[in-house]
Amino acid sequence: MIAEVRPTAGMRPNILEFSREQLAGIMADLGEPKFRAAQLHRWLYSQEAADFASMSSIGSGVRAKLASSYDIRRPSVVRSESDRQSIDADGDLTTEKYLLRMPDGELVESVLIPSGERLTACVSSQSGCPLQCLFCATGRMGLRRNLHAFEMACQAFALQHEAQRRPGGRLTNIVFMGMGEPLLNLDNVFEAISTMTATDYRFGISEKRITISTVGLVPGIGRIASSGLKTKLAVSLHSADQKQREQLMPVARQYPLEELGKAISGYNRTTGLPVTLVYMLLDGVNDSPEDARKLARYARRFLCKINLIDYNSIVNFEFRPSYDDTRNEFVRQLLDAGLQVTVRKSQGAAINAACGQLATRPEPYGANPQ
Ligand code: SF4
């Protein structure tokens with residue numbers, strides 16, 4: 001039963017690739033009671049044990065058997081020196097982008113974003129992304145692979161360690177808005193959230209402080225709604241006009257606005273929670289008064305708030321951010337329609353760590369959210 005995870009050639013399987021349930025199976029096969037699997041999970045994810053030998057609450061015989069069958073291989077931060085010196089114009093605390101190497105060599109970016117009292121870790125759920133939104137550097141990479149649950153949890157742990165180097169630094173929020181579409185890898189996202197939110201673990205963040213972002217994959221929204229999770233949901237809308245949205249985000253053909261609207265209403269009903277509609281303003285594309293009217297009409301159907309974000313210019317991409325007066329007029333129309341609107345100041349653009357800019361290059365590296 002252990003063979004579900006294929007080892008990298010010549011290596012023992014990485015025990016971190018097994019889910020909590022699979023760990024229970026492994027321990028059962030070794031004749032160990034259920035609570036041993038819980039202990040093993042805790043050693044792996046709360047203590048972040050580097051080897052089996054250090055797992056002192058587990059019998060030495062079992063530790064030896066585990067060590068003869070499995071390795072523990074974690075992602076590592078390989079941020080380049082030049083990135084370490086990058087300073088964004090945000091004052092003392094700066095947005096920082098981290099390049100992490102996964103155990104199989106895959107490179108993934110994560111971003112640490114300070115904002116007032118908050119320190120948010122933006123984590124990736126896939127290496128690359130298959131959805132090819134027109135404005136997104138990650139989409140241009142195509143999908144390399146889904147990340148394992150531990151690879152997402154370990155991004156958060158790594159950023160927590162980095163955060164602790166800052167004065168009073170502790171992560172307050174997690175957003176699944178890095179590379180990839182989380183709802184295409186939802187089982188692993190759920191498993192990662194379960195690990196990150198384990199109440200008696202060192203990391204132990206509240207579900208309410210986690211946001212899952214999606215471009216609007218309807219089945220996944222339904223699954224999150226019925227999961228019982230208290231996480232927040234952000235839907236990247238970027239247009240309330242079906243044709244325009246299809247041009248910006250090809251996935252909109254599969255999940256049209258009407259169907260997406262029903263999924264959001266269902267989410268509101270099931271969870272009692274609002275969603276955040278994320279709308280990136282693109283000069284001359286989706287920022288006209290008519291675009292604002294369409295957005296207001298669409299958004300009034302839901303329990304939601306609207307988060308307007310600036311576009312971050314990306315080399316070789318044709319889009320530009322909206323002008324200030326256009327954005328102000330857009331905001332005014334939404335407010336006049338009675339909607340709750342926030343305008344998010346873009347962070348991390350100077351180091352290509354802002355929305356849509358994450359994209360790893362092979363070597364020495366580049367790296368990148370939704
Ligand atoms: S915006 Fe998100 S869903 Fe679209 S291509 Fe980029 S990473 Fe994928």
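For the condition at positive phi, over 20 Å from the mean Cα position of the chain (by Cα) and of a type outside the set (S, T, N, Q), what is the one hit in 261, 272, 204?
Numbers: 261 fails: at positive phi; 204 fails: over 20 Å from the mean Cα position of the chain (by Cα).
Criteria check complete, one pass: 272.
Take residue 143 and decide whether it is surrounded by fewer than 22 Cβ atoms within 10 Å (Cβ to Cβ), at pLDDT 95 or above and either within 15 Å of the ligand (Cβ to nearest atom) or outside the structural domain of residue 249 (by TED's automatic domain parsing) (or both). Even if it seems obvious, please write down each step before you answer.
Working: surrounded by fewer than 22 Cβ atoms within 10 Å (Cβ to Cβ): yes; at pLDDT 95 or above: yes; either within 15 Å of the ligand (Cβ to nearest atom) or outside the structural domain of residue 249 (by TED's automatic domain parsing) (or both): yes.
Answer is yes for this residue.
Restricting attention to the range 298-313, does a residue exist that is in a helix (DSSP H, G or I) and open to solvent by 20 Å² or more (accessible area, probe 1.4 Å)?
Just the residues of the range 298-313 that are in a helix (DSSP H, G or I), to begin with: 298-299.
Those left that are additionally open to solvent by 20 Å² or more (accessible area, probe 1.4 Å): none.
There is no residue in the range 298-313 that is in a helix (DSSP H, G or I) and open to solvent by 20 Å² or more (accessible area, probe 1.4 Å).
Does the range 217-226 contain at least one residue that is at pLDDT 95 or above and over 25 Å from residue 21 (Cα atoms)? Even if it seems obvious, please write down each step before you answer.
Taking the range 217-226 first, the residues at pLDDT 95 or above are 217-226.
In the following step, the residues that additionally are over 25 Å from residue 21 (Cα atoms) were identified as 217-218.
Yes, the range 217-226 contains a residue that is at pLDDT 95 or above and over 25 Å from residue 21 (Cα atoms).
Mind checking which residues of the range 146-174 are closer than 17 Å to residue 206 by Cβ and open to solvent by 20 Å² or more (accessible area, probe 1.4 Å)?
Hits for the range 146-174 are 170, 172.
Would a scan of the range 95-114 turn up a residue that is part of a loop (DSSP other than H, G, I, E, B) and either buried (at least 24 other Cβ atoms within 10 Å of the Cβ) or within 12 Å of the ligand (Cβ to nearest atom) (or both)? Reasoning before the result, please.
We begin by selecting, within the range 95-114, every residue part of a loop (DSSP other than H, G, I, E, B); these are 95, 102-106.
When the remaining residues are screened for being either buried (at least 24 other Cβ atoms within 10 Å of the Cβ) or within 12 Å of the ligand (Cβ to nearest atom) (or both), the result is 95.
Within the range 95-114, one or more residues are part of a loop (DSSP other than H, G, I, E, B) and either buried (at least 24 other Cβ atoms within 10 Å of the Cβ) or within 12 Å of the ligand (Cβ to nearest atom) (or both).
Within the range 156-203, can you find the residues that are within 16 Å of the ligand (Cβ to nearest atom), in contact with a Ser or Thr (Cβ under 7 Å, 6 or more places away or on another chain) and in a helix (DSSP H, G or I)?
Listed by number, the residues that qualify are 182, 183, 185, 189.
Would you mention how many residues in the range 226-257 are part of a helix (DSSP H, G or I) and open to solvent by 10 Å² or more (accessible area, probe 1.4 Å)? Walk me through how you get there before you give the answer.
First, the residues of the range 226-257 that are part of a helix (DSSP H, G or I): 226-227, 242-248, 250-253, 257.
With the extra rule that they be open to solvent by 10 Å² or more (accessible area, probe 1.4 Å), the set shrinks to 226-227, 242-244, 246-247, 250-251, 253, 257.
The number of residues fulfilling the criteria is 11.
If I go through the range 43-62 residue by residue, how many of them are in contact with a Phe, Trp or Tyr (Cβ under 7 Å, 6 or more places away or on another chain) and either assigned by TED's automatic domain parsing to the domain that holds residue 205 or open to solvent by 50 Å² or more (accessible area, probe 1.4 Å) (or both)?
The qualifying residues number 1.
How about the range 115-140: which of its residues are within 9 Å of the ligand (Cβ to nearest atom) and part of a strand (DSSP E or B)?
Result: 126, 128.
The values are calculated or read from the model by the stated rules, or taken from the named source; none is laboratory data. These numbers come from a predicted model, not from an experiment. With ideal geometry, Cβ positions are generated from the backbone for all residues, glycine too; neighbour counts draw on all protein chains shown. Note: accessible area is taken over every heavy atom of the protein model, side chains too, but ligands, DNA and RNA are not part of it. Shrake-Rupley method; radii C 1.70, N 1.55, O 1.52, S 1.80 Å.
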